[in-house]
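A.B. asks: Just dropping this structure here.
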Amino acid sequence: MPSLLIRGGRIVDPSQSLDATGDVLIRDGRVVAIGAAAVSESDAAGADEVIDAEGMIITPGLVDMHVHLREPGREEDETIETGAAAAIAGGFTSVACIPNTEPPIDTQGAVEFIHQKAARADACNVFVVACVSRDRAGKELAEIGQLVEAGAVAFTDDGSPVYDAELMRRAFEYCRMFDKPILAHEEVLELSHGGVMHEGLVSLALGLPGMPAAAEEVMIGRDIALAEVTGGRLHVMHLSTAGGVALVRRAKAQGIAVTAEATPHHFTLTDECLRQFDSNYKMSPPLRTAADVEAILDGLVDGTIDCIATDHAPHAIEKKMLELDRAPFGILGLETAVGLSITRLIVPGRLDWPRLVDAMSTLPSRILGIDRGTLAVGAVGDVTIIDPNLTWEVDASTFRSKSVNSPFHGWQLTGRAVATIVGGRVKFRLHEAAAAS
Amino acid sequence: MPPAPLLERKRQHPMTASDHAFAEVPQSWTHRHLLDLERLSADDITLLLDTAAAFKQATNGCRTKLSALAGSTVVNLFFESSTRTKTSFALAARRLGADVVDFSAAGSSLSKGESFIDTAKNLEAMGVDAVVVRHQTPGTPHLLTEHLGVGVINAGDGPHEHPTQGLLDIFSIREQLGSLEGLTVGLVGDIAHSRTARSNLWGLTKLGAKVILCGPPTLVSQRWQELGVEVSHDLDTILPRCHVLNLLRIQFERQNTPPFPSVREYAHLYAMDKRRLRRARSDLVILAPGPINRGVEVTADVADCPQSLILNQVTNGLAVRMAALWLTCGPRAGEPTPSSQPAGASA
């Protein structure tokens, strides 16, 4: 296999507390040398391909642990191929796909199908999150052991909460045997029933049915209690409320095995956006208030929220071009996450680079238990190269995703992935992509 | 054959002195649509009310016809059932000389899966000049304006707003009491699900009235106070302070779980009856947007008492809707009217 040398960039790798200018040399798909003056001149001269990364940030390949690839069943929204293409265009070398497909991913065969399709797409790594319950019906456990054997890295019924508290308790207990986390969609359905947006002053004025923050917080409270009593690993998906952040913070302080993620839209937008009645602002959990956004930002800063995940949820345009109550929940994420994170977190100085890379690569890898999120010598050669100063305008018509349901269309962002390297092979280069289009 | 230009067709109608008063939409009206009262200014609302008053006078109390919109076509696009509002809009359009087409969701392509945007675009391609839309979902009229090139009037979008209903309530109060400034208006009942309440709230407060929202906490959120309005759960306490009461219907059809234990209990706490009427100001004005549930929000004797403006409201609805239609699609200075363009030019 050829070798690849990335030269002269700022390497940010929190897994080895590294933040320094230097080179990364990858050979046979693995990192063989990293750091300042780590690569000898003869090695450099012998490299098959060289990327000049001066002025760029070099990070372990970014990992999005919450992506809906829609295949099988809803190929009109996204396929594994188009979703993986969107991932590398957004700077992600790995995604974890969520099993609320049709049929849901609850058998070894289904996991195998995803792996095959992902191999055929040959873009990014696709890790499979499988169902907690058989047929995602919330009645009985899926064959979790078999699914682990097939390669499932975590379990979720996302799209819905695991509603039966006893089943959730069993799932926590059973997953301990494999040290796998349960990724939880936290929602008390009776409280959010029929809702299309956050319940608050804006929903009151607009006459739109609301989804109260309590609907999320009550369920987080339940799952923290169950994680505590079972010793299981809870990962709270798309945390969106100030109260939820406080619950997770307290649980962590008590030593309960809980982790959490937040999405770029939840740390960027508020329920005021719904005044436009645009269904691209409709997602679950919904956009909350400015105070909630501040709490999410604080949670990212103090580490209560471990990581950033997109909840990339594509929907074909004809499904979103409906009345707000008929349009489905969901927003694209893969191709705007890096730009939004840098614009909202790095540019204003809320997070430093090591913490952002931790949140987008190292910690999601650790939570999923996958051998990614590091550029240590010997690690898989997944690398993202980011231009931190590039300003660009989001244009949904250029997305690699099959869908365009992004409210960020037309936004000016700072920072973008310019090259995405998976297993030592350059899968995406922004300038080539721009030249081709 | 394309329709004749507006001016040409207008000649087929005798021009009266009152028609000349409505030759051109005043330049101070800058809106293309009438979607909600929240985003209108006090001046906009006053212009609407003054225009409605002028139409009411010029038509002998909404009885005779003008030709201010002769040659225009208005479509009533109703995705939710309605008798009163639809008839009122149709009559208002006819009083101005416009043609009216009714389009109901039942039995249409919508039941075959067509989206509301496609339905509206098809109607637009047939050459209509204004779309009056009612829909069960908030914001649907707003979305239509992004896809259509013609004026859109919101005839009720779920629990969001019903601007012409708000205007006709305010018009009726103004007609009876002269001015809104300094009045206290109680909106009583199902505030949570009432588009009438929201349109009243914005219109009344912009014109200087004080609004009290009254009903059980399950239907009247404390959060309304953040908008500077008073919230009360006790009708008997606020009653003596109110110059006007607007009694809103309990929208049983929009409830997930019952907001109060029984109709009997609700009526006991909030129904406007003779007993309560005696405790109110002697010049109290009572409104109800209708349809009314007699015996729930209001007892029959109070609904029909001299202080009740319920039937005046219906007449005034015509005047307000004439104003809304004319301001939305009437001729503007320096602009060709929509119907003077060849058919299909905008499609």
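A.B. asks: Mind grabbing the interface size between B and A? I mean buried accessible area, both sides, 1.4 Å probe, in Å² to the nearest hundred.
C.D. replies: Interface between B and A: roughly 1800 Å².
A.B. asks: A further question follows. Quick check for me: using +1 on Lys/Arg Cβ and -1 on Asp/Glu Cβ, what's the dipole size of the range A:15-154 about its Cα centre, in debye to the nearest 20? Let's see the in-between values first.
C.D. replies: Numbers: 9 positive and 24 negative charges, 100 e Å.
Around 480 debye, computed over the range A:15-154.
A.B. asks: Separate question: Highest first, please rank the peptides A:203-215, B:275-287 by the mean number of other Cβ atoms sitting within 10 Å of their residues.
C.D. replies: Taking the mean over residues of other Cβ atoms within 10 Å, the ranking is A:203-215, B:275-287.
A.B. asks: Going by average Cβ neighbours within 10 Å, how do the peptides B:183-196, A:180-193 rank, with the highest at the top?
C.D. replies: Descending mean neighbour count gives B:183-196, A:180-193.
A.B. asks: For peptide B:155-163, compute the average count of partner chain beta-carbon atoms within 10 Å of each residue's beta-carbon. Working shown, then result.
C.D. replies: Working: counts 0, 0, 4, 7, 5, 5, 3, 1, 0.
Mean partner-chain Cβ count within 10 Å for B:155-163: 3.
A.B. asks: Run lengths n ≥ 4 of DSSP H only: what is the helix-derived mean residue ellipticity at 222 nm for chain B, with -39500 (n - 2.57) per run over all residues, to the nearest 500?
C.D. replies: Helix-only estimate at 222 nm: -10500 deg cm²/dmol.
A.B. asks: Sorted by accessible area (1.4 Å probe), largest first, how do B:D36, A:D278 line up?
C.D. replies: Sorted by accessible area, descending: A:D278, B:D36.
A.B. asks: To continue, here is another question. On each of the three principal axes of the Cα atoms of chain B, give max minus min coordinate, whole Å, ordered largest first.
C.D. replies: Dimensions of chain B along the principal axes of its Cα atoms: 64, 48, 35 Å.
A.B. asks: Anyone know which of B:V75, B:V133, B:V101 comes out most mobile in the 10 Å Cα GNM of chain B?
C.D. replies: B:V101
A.B. asks: Tell me the GluC sites (Glu not before Pro) within the range A:258-294 that lie in a loop according to DSSP and have at most 11 other beta-carbon atoms within 10 Å.
C.D. replies: Sites meeting the loop and neighbour criteria: none at all.
A.B. asks: What average count of beta carbons from other chains do you get within 10 Å of the Cβ of residues in A:204-213?
C.D. replies: Numbers: counts 9, 12, 11, 17, 6, 8, 1, 0, 0, 0.
For peptide A:204-213, the averaged partner shielding equals 6.
A.B. asks: Also, quick follow-up: Rounded to a whole number of µm²/s, how large is the Stokes-Einstein D of the protein assembly as shown at 25 °C and 0.890 mPa s, given Rh as the Kirkwood radius over C-alpha pairs?
C.D. replies: 84
A.B. asks: Please name the residues of the range A:303-344 whose accessible area, counted over protein heavy atoms with a 1.4 angstrom probe, falls by no less than 30 Å² between the chain alone and the full protein assembly.
C.D. replies: At a threshold of 30 Å² (probe 1.4 Å), the residues of the range A:303-344 that become less exposed are A:M321, A:L322, A:E323, A:D325.
A.B. asks: Let me ask something else. What number comes out for the charge environment of B:K86, summing +1 per Lys or Arg and -1 per Asp or Glu over other residues with Cβ under 13 Å away?
C.D. replies: +2
A.B. asks: Carbon and sulfur: what percent of the range A:66-368's accessible surface (1.4 Å probe)?
C.D. replies: On the way: 4910 of 9570 Å².
Roughly 51 percent, rounded to a whole number.
A.B. asks: Now for a different question. With 26 Å as the limit, write out which pairs from B:K65/B:K121; A:K282/A:K402; B:K56/B:K86; A:K319/A:K427; A:K139/A:K180 have Cα-Cα distances beyond it, or answer none.
C.D. replies: From the list (B:K65/B:K121; A:K282/A:K402; B:K56/B:K86; A:K319/A:K427; A:K139/A:K180), the Cα-Cα distance tops 26 Å for B:K65/B:K121; A:K319/A:K427.
A.B. asks: Rg and Dmax in Å for the range A:66-368, alpha carbons only: what are they?
C.D. replies: 17.9, 51
A.B. asks: If the viscosity is 0.692 mPa s and the temperature 37 °C, what Stokes-Einstein diffusion coefficient in µm²/s follows for the range B:286-326 when Rh is the Kirkwood radius over Cα pairs?
C.D. replies: 295
A.B. asks: Can you pull out the chymotrypsin sites (Phe, Trp or Tyr not before Pro) in the range A:378-429 whose DSSP state is coil and whose Cβ has at most 16 other Cβ atoms within 10 Å?
C.D. replies: Of the chymotrypsin sites (Phe, Trp or Tyr not before Pro), the ones in loops of the range A:378-429 whose Cβ has at most 16 other Cβ atoms within 10 Å are A:W411.
A.B. asks: Might you tell me the accessible area per residue for the protein assembly as shown, computed with a 1.4 Å probe and given in Å²?
C.D. replies: In whole numbers, the protein assembly as shown has 37 Å² accessible per residue.
A.B. asks: Where Lys and Arg each count +1 and Asp and Glu each count -1, what net charge lies around A:G299 among other residues with Cβ under 15 Å from its Cβ?
C.D. replies: Net charge in that neighbourhood comes out at -3.
A.B. asks: Could you compute how much accessible surface A:D352 exposes when probed at 1.4 Å, giving the result in Å² to the nearest 10?
C.D. replies: 90
A.B. asks: Just the number, please: carbon plus sulfur as a percent of the accessible area of chain B, 1.4 Å probe, no ligands or DNA/RNA counted.
C.D. replies: Working: 7280 of 14030 Å².
Roughly 52 percent of what the probe reaches on chain B is carbon or sulfur.
A.B. asks: Separate question: Nearest 500 deg cm²/dmol is fine: what mean residue ellipticity at 222 nm does chain A get from its DSSP H runs of n ≥ 4 alone, each adding -39,500 (n - 2.57), divided by its residue count?
C.D. replies: One gets -8000 deg cm²/dmol as the mean residue ellipticity at 222 nm.
The values are calculated or read from the model by the stated rules, or taken from the named source; none is laboratory data. What you see is a predicted model; the values in this text were computed from it and never measured. Here Cβ is always computed from backbone atoms with ideal geometry, including for glycine, and neighbour counts include all displayed protein chains. Just so you know, the surface numbers come from the protein's heavy atoms only, side chains and all, with ligands and any DNA or RNA stripped out. Shrake-Rupley method; radii C 1.70, N 1.55, O 1.52, S 1.80 Å.
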